[in-house]
1. Exactly one condition in (1) under 23 Å from ALA152 (Cβ atoms); (2) in a loop (DSSP other than H, G, I, E, B); (3) not hydroxyl-bearing (Ser, Thr, Tyr) is not met by GLU291; state its number.
2. Being surrounded by 13 or more Cβ atoms within 10 Å (Cβ to Cβ) and touching a Gly at 6+ places or on another chain (Cβ under 7 Å), is that true of even one residue in segment 170-191?
3. Of all residues in segment 156-166 being in a loop (DSSP other than H, G, I, E, B) and not hydrophobic (A, V, I, L, M, F, W, C), which is surrounded by the fewest Cβ atoms within 10 Å (Cβ to Cβ)?
4. Taking segment 103-135 only, how many residues are among the β-branched types (Val, Ile, Thr) and part of a loop (DSSP other than H, G, I, E, B)?
5. Could you please give the count of residues in segment 50-61 that are in contact (Cβ under 8 Å) with a residue 12 or more places away in the chain and surrounded by fewer than 16 Cβ atoms within 10 Å (Cβ to Cβ)?
6. Give me the pairs, please: first residue somewhere in segment 87-115 and over 13 Å from ALA77 (Cβ atoms), second residue anywhere and in a loop (DSSP other than H, G, I, E, B) and at pLDDT 95 or above, beta-carbon distance under 9 Å, and either six or more positions apart or on two chains.
7. Report yes if some residue within segment 144-155 is over 30 Å from ASN120 (Cβ atoms), open to solvent by less than 40 Å² (accessible area, probe 1.4 Å) and in contact with a helix residue (DSSP H, G or I) (Cβ under 7 Å, 6 or more places away or on another chain); otherwise report no.
8. Just checking, does segment 310-332 include any residue being among the small types (Gly, Ala, Ser), surrounded by fewer than 20 Cβ atoms within 10 Å (Cβ to Cβ) and not in a loop (DSSP other than H, G, I, E, B)?
Amino acid sequence: MTYGVVDLFCGVGGLTCGLRKAGLDVVAGFDLDRSCEYSYTYNNKTIFVNKNIENVNGSDIKTFLKGFDVQILAGCAPCQPFSNHQKDKSNRKKHKDWKLLYQFARLVKESNPHIVSMENVPEIAKEQVFKDFVSTLKEQNYYVTYKVINAADYGVPQRRKRLLLLASKGRSIEFIAPTHEVAVTVRDVIGKLPKIEAGVPNLKDNLHIASSLSKLNLDRIRHSVPGGTWKDWPKELVLECHKKDTGKTYSAVYGRMKWDEVAPTITTQFIGYGTGRFGHPDQDRALTLREGAMLQTFPKDYSFIPLGEPVVLKNVARHIGNAVPPRLGEIIGLSIKKHYEKS
């Protein structure tokens with residue numbers, strides 16, 4: 001049985017990478033951001049279509065999926081409008097990406113795949129756009145299953161909850177059971193990488209580099225303990241904002257990770273020591289690009305920029321932080337294959 005997939009909002013290929021590992025044939029990825037093209041095509045050896053989803057139609061999808069026994073339309077619409085990190089939660093609908101799920105629903109109706117897969121933040125389930133998406137699938141005679149999962153239960157070394165959705169023609173579809181009773185830890189993933197210093201270039205791996213630290217932040221991280229907070233620092237190092245009542249709850253910022261626990265959710269800001277608990281467990285620096293990618297479950301040799309091109313840390317971090325962890329893509333793929341193997 002052959003499985004063909006088109007990946008919408010493909011980014012640098014996290015979902016595609018995982019689906020391919022599960023044995024599915026991802027024949028094309030669509031994304032508006034051309035800066036993702038190199039990484040997507042180089043690592044996954046498949047077609048990148050640089051196109052706004054509003055300009056994609058069902059015939060585009062059907063052309064790519066023609067001839068496959070199982071035709072799958074997958075994607076993760078940008079989660080920023082629905083995330084808890086969204087600053088203006090009362091005006092989510094004004095965000096430019098809020099309506100993209102309606103475009104996804106339109107393409108489902110126009111291309112009529114056998115399987116639809118969608119991944120996003122748990123908060124999306126409260127939004128009308130998600131409820132309308134599910135209603136559209138049911139109107140098109142799909143059996144819809146969705147659930148919020150703890151990614152660590154499936155081998156992703158992060159404290160990360162995500163909403164996964166699968167929809168199938170013919171009969172109901174389920175996700176495979178959790179695969180990891182014991183979580184994969186920070187030590188398991190990055191514990192053997194070479195030691196480096198903040199801001200120092202790395203000639204052996206140009207992504208195993210960390211942002212520079214000011215003298216003040218270097219003093220702060222030297223007083224930070226794994227799993228601790230800024231409350232462990234001498235008073236003269238504490239930020240003024242943390243002394244206010246509104247700042248006392250932000251205890252994870254400027255924090256170190258713990259070796260034998262999972263990492264925090266890897267965001268686009270993971271290279272910043274002050275943006276979350278992204279301090280290395282024992283080295284005086286924040287995570288490197290390579291460490292962030294590996295904690296996202298990208299293969300160690302996954303390439304994010306062409307050889308010889310300068311590394312712009314914030315650009316690569318954005319690509320890594322926005323990606324679907326490949327391991328979750330693999331879980332989705334394995335769930336689809338199990339569905340058909342039971343037929």
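The values are calculated or read from the model by the stated rules, or taken from the named source; none is laboratory data. Only a predicted model underlies this, so the values are computations on that prediction, with no experimental measurement involved. We place every Cβ from the backbone using ideal geometry, glycine too, and count neighbours over all the protein chains shown. The protein model used for the area step is the full one, side chains on, heavy atoms only, and it has no ligands, DNA or RNA in it. Shrake-Rupley method; radii C 1.70, N 1.55, O 1.52, S 1.80 Å.
1. Unmet condition: (2).
2. Taking segment 170-191 first, the residues surrounded by 13 or more Cβ atoms within 10 Å (Cβ to Cβ) are 173-176, 178, 180, 183-190.
Next, from what is left, pick out any that are touching a Gly at 6+ places or on another chain (Cβ under 7 Å): 180, 184.
Looking through segment 170-191, at least one residue is surrounded by 13 or more Cβ atoms within 10 Å (Cβ to Cβ) and touching a Gly at 6+ places or on another chain (Cβ under 7 Å).
3. First pass over segment 156-166, keeping only residues in a loop (DSSP other than H, G, I, E, B): 156-157, 159-160.
Pick out the ones that are also not hydrophobic (A, V, I, L, M, F, W, C) and you get 157, 159-160.
Numbers: PRO157: 26, ARG159: 16, ARG160: 21.
The selected residue is ARG159.
4. Here is the first cut: in segment 103-135, the residues among the β-branched types (Val, Ile, Thr) are 108, 115-116, 121, 124, 129, 134.
Next cut, part of a loop (DSSP other than H, G, I, E, B) only: 121.
Count: 1.
5. Summing the residues that are in contact (Cβ under 8 Å) with a residue 12 or more places away in the chain and surrounded by fewer than 16 Cβ atoms within 10 Å (Cβ to Cβ) in segment 50-61 gives 6.
6. Pairs that qualify, where the first residue is over 13 Å from ALA77 (Cβ atoms) and the partner is in a loop (DSSP other than H, G, I, E, B) and at pLDDT 95 or above, are LYS109/GLN140; GLU110/ASN57; SER111/ASN57; ASN112/GLN140; HIS114/PHE68; HIS114/ASP69; ILE115/ILE173.
7. Residues of segment 144-155 over 30 Å from ASN120 (Cβ atoms): none.
There is no residue in segment 144-155 that is over 30 Å from ASN120 (Cβ atoms), open to solvent by less than 40 Å² (accessible area, probe 1.4 Å) and in contact with a helix residue (DSSP H, G or I) (Cβ under 7 Å, 6 or more places away or on another chain).
8. Step one: list which residues in segment 310-332 are among the small types (Gly, Ala, Ser), which gives 317, 321, 323, 329.
When the remaining residues are screened for being surrounded by fewer than 20 Cβ atoms within 10 Å (Cβ to Cβ), the result is 321.
With the extra rule that they be not in a loop (DSSP other than H, G, I, E, B), the set shrinks to 321.
Yes, segment 310-332 has at least one match.
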